[in-house]
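Working notes for the structure below.
No lab work stands behind these numbers, since they all come straight from the coordinates. Small disclaimer: the values here were computed from a predicted structure and weren't measured. Positions of Cβ are generated from backbone atoms using ideal geometry, with glycine treated the same way; all protein chains shown enter the neighbour counts.
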């Protein structure tokens with residue numbers, strides 16, 4: 001067998017894996033947008049505020 005013929009299944013598997021990961025990440029991103037869109041403003045503010053303090057970033 002040639003080297004090209006043996007490499008083709010690896011390319012297809014790599015593409016399939018990338019598409020799978022991209023689909024999962026798209027679902028996670030859509031869920032984050034959906035959840036933050038329906039969250040109460042105080043909840044979003046407090047979460048951002050707490051994360052700033054966790055990373056020792058000044059926010060006031």
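Just a few scattered comments:
- Selection within region 34-49 - assigned to a helix (DSSP H, G or I) and surrounded by 10 or more Cβ atoms within 10 Å (Cβ to Cβ): 34, 35, 36, 43, 44, 45, 46, 47, 48, 49
- First in region 19-41 and free of Cβ contacts under 8 Å to residues at least 60 places away in the same chain and at negative phi, second anywhere and surrounded by 10 or more Cβ atoms within 10 Å (Cβ to Cβ) and not in a loop (DSSP other than H, G, I, E, B), Cβ under 7 Å, 6 or more apart: 36/44
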